[in-house]
Amino acid sequence: MKKLLVTGSSGLIGSEVCEFFAQRGWLVHGIDNNMRASFFGPTGDTRWIQRRLEQKYPHFIHHEVDIRNRSAIFETISAIKPDAIVHTAAQPSHDKAASIALDDFDINAGGTLNLLEGLRLFSTEIPFIHMSTNKVYGDSPNLLKMKEEHFRWDYDDKEFSNGISENFSIDQSLHSLFGASKVAADILVQEYGKYFGMPTCCLRGGCLTGPNHSGVELHGFLNYLIKSNVEQREYIVYGYKGKQVRDNIHSYDVANFCYAFIKNPRKGEVYNIGGGKENTVSVLEAFARIEKISGIPMRFKYVEQNRLGDHICYYSDLSKIKSHYPEWEVTKSLDDIFYEIYSSVTINSHSERVPYIENI
């Protein structure tokens, strides 16, 4: 039986990866110490996902390990002897990072280095997938020529008609401290691939979403927006007239790509992974979509000041990832995503899952 090691196994992407591989007969080892609860309080707690994985999948094994603990990471890799590693654990909020700068860097950069070096000491042949972020590009996308439409912003340059590609510069821009720590991790993953010849890749995620999200105010988008609508909470729109645009990709499609990469790995690669242009939505457009589904008017307040370093418009150019892995595709449409999250929020509103607050 093949063995997969997943860090951040109780998070949105990590839990989806665990389920995806467990359903295909892999023995899945998950590393998670519920740091989201420490970062964001009870609303960020992910124990409900851990319990669900343990109850549902006999071949899922939970490890209560902090990725900052180098010796524990080295020992865990050596003991498990994984056939692949998917690294999704992170401090995920660019706003939160400003108040916990040392923890943010130790987790995002240091934790990634611990995993890479621990894996290198065990084997240089094992595929390693790192969940990076589009925040590595900083706010440079905001400098592109834009056009303002009735409900959204969009690029007004033919070069970017399909979105941001992997050739876009990550230098000389405002990243947030979170973005900077993720840049460091991103470069380390590339370097271990290119310098040591290890099969590694960075997935620079767009707006990663799905019903498994334990969202919080400082991290996320659609989950909080839909949750706010259902519970009739006031949603705060930060700047850009509410026309800021994101491309949304369901966690299932990310897990499916991890499977494709592990079957046919490459060395030191970088891929932008998101919903692409077809799965883009602005805040105002998202309001209209969820109102149509729920029948509940959206309550919101507009604040003129945008969040520092926030993208006006961002969507992923998927040309490279599709050219390297033509069998992979985005299978979940924007409608699918909205309906799944809405159903999950409605079902779980009175379950053991704690309520949560999230923002773009």
request  = Answer yes if at least one residue in segment 33-46 is of a type outside the set (Lys, Arg) and touching a His at 6+ places or on another chain (Cβ under 6 Å), and no otherwise.
outcome  = no
message = Checking Tyr224 against (1) among the hydroxyl-bearing types (Ser, Thr, Tyr); (2) at pLDDT below 95; (3) within 22 Å of Arg68 (Cβ to Cβ); (4) over 14 Å from the mean Cα position of the chain (by Cα), only one condition comes out false. Which one?
response = (3)
ask   = What residue, of Val65, Val17, Val28, is in contact with a strand residue (DSSP E or B) (Cβ under 7 Å, 6 or more places away or on another chain) and in a loop (DSSP other than H, G, I, E, B)?
value = Val65
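To keep it simple, each residue is scored yes or no on (1) out of contact with any Cys (no Cβ under 7 Å at 6 or more places or on another chain); (2) over 24 Å from Ser78 (Cβ atoms); (3) touching a residue at least 24 places away in the same chain (Cβ under 8 Å); (4) surrounded by fewer than 17 Cβ atoms within 10 Å (Cβ to Cβ).
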{"residue": "Ser10", "(1), (2), (3), (4)": "yes, no, yes, no"}
{"residue": "Ile13", "(1), (2), (3), (4)": "yes, yes, yes, no"}
{"residue": "Glu16", "(1), (2), (3), (4)": "yes, yes, yes, no"}
{"residue": "Ala22", "(1), (2), (3), (4)": "yes, no, yes, no"}
{"residue": "Leu53", "(1), (2), (3), (4)": "no, no, yes, no"}
task = Could you please find all residues in segment 68-81 being under 21 Å from Ala37 (Cβ atoms) and not in a helix (DSSP H, G or I)?
result = Arg68, Asn69
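The values are calculated or read from the model by the stated rules, or taken from the named source; none is laboratory data. If you're wondering where the values come from, they're calculated on a predicted model, not measured in any experiment. As a convention, Cβ positions derive from the backbone with ideal geometry for all residues, glycine included, and neighbour counts pool all protein chains shown.
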